[in-house]
Amino acid sequence: MADLPLLSILIWLPILGGIWVLIVGDKQASAVRPIALIVSLVTFLLSLPLFFGFDTTTANMQFTEQLAWIPAFGINYHLGVDGISMPLILLTTFTTILVILAGWEVIQDKPAQYMAAFLIMEGLMNGVFSALDAILFYVYWEAMLIPMFLIIGIWGGPRRVYAAIKFFLYTFFGSVLMLIALLYLYFQANSFAILDLHTQSLALESQKWIFLAFLVAFAVKVPMWPVHTWLPDAHVEAPTGGSVILAAIMLKMGGYGFLRFSLPITPDASRELDWFIIALSLIAIVYISFVALAQKDMKKLIAYSSIAHMGFATLGFFIGFMIYNNTGSIDGGVMAMEGGIVQMISHGFISGALFLCVGVLYDRLHSRQIADYGGVANTMPRFAMFAMLFAMANAGLPATSGFVGEFLVILAAFKANFWIAAAAASIMILGAAYTLWMVKRVIYGAVTNEGVAKLKDINGRETLILTVLAIVVLLFGVWPAPLLEVMDATVQNLLQHIIQSKIPLM
Amino acid sequence: MQNVYLAIVLAPLIGAIIAGLFGVSRKVAHSVTIGAVGLSFLLSLVVFWHIVIAGNAPFNETLYTWLIAGGIRFEIGFLVDSLTALMLVVVSFVSWMVHFYTIGYMKDDPGYQRFFSYISLFTFAMFMLVMSNNFLQLFFGWEAVGLVSYLLIGFWYTRDSAIYANLKAFLVNRVGDFGFALGIAAVLMTFNSLNYAEVFGLAQSGEYQETISIFSGTEWSAMTVICILLFVGAMGKSAQFPLHVWLPDSMEGPTPISALIHAATMVTAGIFMVARMSPLFELSTTALTFVIVIGAITAFFMGLLGLVQHDIKRVVAYSTLSQLGYMTVALGASAYAAGIFHLMTHAFFKALLFLGAGSVIIAMHHEQDMRKMGGLRKYMPITYITALIGSIALCGFPPFSGFFSKDAIIEAVHHAHEIRGGWQTAFAYYAVLIGVFITALYTFRMLFLTFHGKERMDEHTREHLKETPWVVTGPLIALAIPSVLIGMFTIGPLLFGQYFDGSIFVTPEHNPLNPESYHGVLGFIGHGLIQLPFWLALAGLGTAYFLYIKRPELPAVIAERSGILYKILVEKYFADRFNDWFFAGGARKIGSLTWQIGDVKLIDGFVNGLAKFVGWLSSVVRHLQTGFLYHYAFTMIIGLAVLLGWVVYIR
């Protein structure tokens, strides 16, 4: 296994699989779905060696591959993973299977193109997480937008065009600034290798500009307040699978960007401007939670909930400087950053599961409005059980994965400042309030209308998807140690790196 | 012994999974869960024998590492000492009785299996809570019992009142948990560990940073901050003012869980937690003062509310609030042992009273209004006798169990006042003292209205009145026995002996329970008979007799004459209205404002304005392009594939 270019396979196998599916075409819809499923399953299986063969003792890049691509500019096809990106790749390969299963019977319109879009997107997302060359990263980063744009634009709801264009423009605008920053860095370091950029010394002033350029790109993706309003629209219009990928993986790209680019390349600017990110994160947690409370559309509610939960990730990434100032040790920062990463992974499972749950209801009643439901537990008891579990996980109940990251970030944030921890911990109340209030109005109560009375409980396929997610959510809640073990060396190293100044000595 | 501890915890979990997930029959569901909890009970007795009687050292071991982050090991593990052993026996016994009782109470309910699954799951969670050896697992158990409480209050989920009550319960508890989680964070920051033994050791040796900066410039005592934050958690779970509002509404759940969760076990978790943290609380007089005041307010004012309720379960619920206040007062007086002692006696007699109320409710065909009862004693002799026993125990007449624990608390508060002084302890003393009169008054009001006097039910109900079946009366009898006896047999070792040595810590000069003043059970009773509480309880009983047997027309007159006072009590000090208006309403208002104004008007307004401008600009240059995003998209993707493919393939 060691000789196989695993990362390349994880990128190109799904893309080629997607093209194959396109060639087979809609006419043979019955063949398309199994092909897509098999491709995604094989990809997932092939991603497992990344986890089991991973050396947890080192922060170095592993499973590296390097080929010259455009030698004139020193651009390489350079891949590799560390403890931060590897779990995200597994999250991608895992989620793609579920998305393909989720679209099985539901997507009758152009199923081949639908499945192909998801497979190609899977490959591109794996590319984003494994690229070690800035240009290669940028190419994947942009390319990934296209299938998602198509998914929203073709299989979306009534306002899909507005949502798709809003999505595209927001993210595109952000990434253009990133490209400019990368080009500037190239002229400084004379290299596009991300690891070279990490060690390139930079004056504080230029660090700040680069930091801000990156910030726009990544903040849009996360999304952070106030550049978040594309997300609820995109989610509402996207088909279920699109929402799942968007919430589970695409949002993580922003968080990943902070860890791979902003923090290591511009550590001094990060330290100078950490208050700004912390403030935005806390606004995301508190303000957005209140916005979520007011939502009448289930998908919008979960979308806002996603923004609030991602606030924990960005908070965890940037609070380390304050903790270091107070305690003189990176330990607290490590705990916070690991908490943030766990939060990203866990949010992938939970938000994905919640969107799938909404999808299950939408497939039956063709409404996402909370007011159109009520008393679903009466007719769909099995579904209600799953929905309850994921709702509780979203509310951060211990023994679900949703608890782990939030708890670690709160514990660590306390070492920085009492009020930051308190503001973050308010999600325990607010998150429970908006999630369980929705459960009360949708799941509980007497049957409110004929539509609900006629609902059929989840079928075998839906049960399978939700069961798999339930197991994962509980497993990482009860025993998150393996997840933290793989990222520990990398995060330690990153924290060590960012507390050193990169400003050149005069 | 580790396997025994594991079995105690896992048996109910497995029982819950089998009963809940596999669509088993009713018989299987109740057999499996009763068997599992029965096993836990028997093993708890073994543990009790092992630790307490045989005198083995406490068990403190790690099961597995939950995770390691930032140099901190978060672990799951058990600490079993005399305090835990006591809790195990109480929890497993009450839970087991409630399991039996449920067979009768839920006989006709379509959610029979689900119910057994939930209460078994609850038992598991409660075990995890009391057996924890660290703050993390404590929080696990803490939240897990909250979850099951939520599920069970909303068990009849088609009723609006039930799903209102369970959401309210969960959110109010989350307010407490918010403080609790911050308290745990403060512990971690101060001691760099979450393991009890390590934290308590460091706290006692004084090797920690003693201040926390809350507002910049002012330093607070770390121990005060930690203890008050942790206690906020206890205020939620143990329903202390002002977080008490969820408990009366939790009566929407089926009666067995009112007995198990909302009287005997879960609501006492806060009391248990503070007793467990006694090495920390002892270091902050400020925190103890806070605790005693909150407890006294709860004990006194919640008891008053019991006087005006008509729903039999709500009377018992307000009584529970008041009694939890008593326990909290004991904690605040540094009489942790007395708090735990009252926790134990209360678990038996309050579970008994709830199950007795449930027995009445079964016989009355799910009527809970005492105004429609009366004279039930001749139809339901066993329920009556056991309820009478529970009432006597609750009021604290010697030699029933409640007498010992309540008198001990009142004495302790008195001593605490002598030791510490201050208006707070004086207030607490008078609150618990007058509380005795109120307790006797509402308890016997309930007993007289239900079992004595005129039969006020309709003809149809009366014809069908009969004693409930043995699965219901059996647990009543089983709980009545300890309600009578447990106090006199355990007061010596628990309060004045060495029982809690090593698990509860009291600074010697604080200790309000003086072993030298204790001269055996008979001495304690003799002393009690000449003290004020006994006579106050008797006065309460007499008043209840006069008002509800002798002159039953009087209460209505009094209610009318007292006007605004009565109104305040009926409205429960307007706490619910205030919360609904201020917190629930306020949050929704803020929500729609932030959404409609912040997101829609300001942010999207700006973005869409920008988009319009760009749209105008682009209309000028539009001719240059095809305008189909598909074209661009596919051009880009094909270009990418070719480009990258070329590199890989050619090389």
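Each value in this text was obtained by applying a stated rule to the coordinates, not by laboratory testing. This is a predicted model, so every value here is computed, not measured. For neighbour counting, all protein chains shown are included, and Cβ atoms are generated from backbone atoms with ideal geometry for every residue, glycine included.
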For region A:199-250 versus region A:121-169, the gap between their alpha-carbon centres in whole angstrom: 12
Mean Cα-pair separation over length for region B:143-195, i.e. relative contact order, pairs under 8 Å, 6 or more apart, %: 24
Residue-by-residue Karplus 3J(HN,Hα) for region B:126-134, coefficients 6.51, -1.76, 1.60, Hz, glycine and proline x: 5, 4, 4, 5, 7, 8, 4, 10, 7
Summed side-chain charge close to B:Ala263 - residues other than B:Ala263 whose Cβ falls under 14 Å, Lys, Arg +1, Asp, Glu -1: +4
Which of A:Glu237, B:Glu509 has the fewest Cβ neighbours within 10 Å, and the rest in rising order: B:Glu509, A:Glu237
Rel. contact order, % - alpha carbon contacts under 8 angstrom, at least six apart, chain A: 16
Cα-centre dipole for chain A with unit charges at Cβ (Lys and Arg positive, Asp and Glu negative), debye to 20: 1300
Net length gained if the chain between B:Ala426 and B:Val52 were fully extended (0.36 nm per residue, minus Cα distance): 131.0 nm
Cβ-placed point charges (K, R +1; D, E -1), dipole of chain B about Cα centre in debye, nearest 20: 1660
Calculated [θ] (222 nm, deg cm²/dmol) that DSSP helices of n ≥ 4 give over chain B, each run adding -39,500 (n - 2.57): -22000 deg cm²/dmol
Relative contact order computed over region A:394-506 (Cα-Cα under 8 Å; 6+ residues apart), in percent: 38
With Cα atoms, 0 to 90° folded angle of helix B:196-205 axis to chain B main axis: 80
Gyration tensor verdict on chain A (Cα atoms; rounded if a/c is under 1.5, prolate if a/b is larger than b/c, oblate otherwise): oblate
Between region B:361-416 and region A:271-292, the alpha-carbon center distance in angstrom: 53
Dipole-positive endmost among A:Leu246, A:Ile165, A:Ile146 within chain A (Cβ charges, Cα centre): A:Ile165
Share, in percent, of DSSP beta bridges within the protein assembly as shown that are antiparallel, nearest 5: 100
Most positive-pole-ward Cα, A:Phe317, A:Val486, A:Met298, against dipole of chain A from beta carbon charges: A:Met298
Net charge, B:Gly154 excluded, C-beta distance under 9 Å - Lys, Arg +1, Asp, Glu -1: +1
Potential extension, A:Trp419-A:Phe173 segment - 0.36 nm per residue separation minus Cα distance: 85.1 nm
Cross-link table B:Lys27/B:Lys350; B:Lys378/B:Lys454; A:Lys440/B:Lys168, entries beyond 19 Å C-alpha to C-alpha: B:Lys27/B:Lys350
Debye equation applied to the C-alpha atoms of region A:256-401, log10 I(q)/I(0) at 0.13, 0.20 Å⁻¹: -0.66, -1.19
In degrees, nearest ten, helix A:29-52 long axis to first principal axis of chain A (Cα): 40
Nitroxide proxy distance, nm - points 7 Å out along Cα→Cβ at B:Ala197 and A:Gln200: 5.4
Two-site FRET efficiency, A:Leu48 against A:Glu450, from Cβ-Cβ distance with R₀ of 35 Å, rounded to 0.05: 0.15
Proxy reagent accessibility, fewest Cβ within 10 Å first, across B:Tyr196, B:Tyr573: B:Tyr573, B:Tyr196
Using a Förster distance of 30 Å, the FRET efficiency for B:Thr507-B:Thr62 (Cβ separation, nearest 0.05): 0.50
Nearest 10 degrees, 0 to 90: helix B:401-420 Cα axis against chain B principal axis: 70
Mean-position separation - Cα centroids, region A:437-457 and region A:363-414, in angstrom: 16
Among B:Gly104, B:Ala57, B:Val80 - extreme Cα towards positive end, dipole of region B:19-114, charges at beta-carbon: B:Gly104
Point-charge dipole on Cβ atoms (K/R +1, D/E -1) for region B:419-512, about Cα centre, debye to 20: 200
A:His78, B:His519, A:His497 arranged by Cβ crowding within 10 Å, fewest neighbours leading: B:His519, A:His497, A:His78
Integer Hz, Karplus 6.51/-1.76/1.60 couplings in order for region A:397-413, x for Gly and Pro: 6, x, 6, 10, 5, x, 6, 4, x, 4, 4, 4, 5, 5, 4, 6, 4
Shape of region A:20-120, Cα gyration tensor, a/c cut at 1.5: oblate
Förster radius 60 Å - calculated FRET efficiency between A:Gln108 and B:Ser213 (Cβ-Cβ, nearest 0.05): 0.45
12 Å beta-carbon shell around B:Leu394, net charge (K/R +1, D/E -1): +2
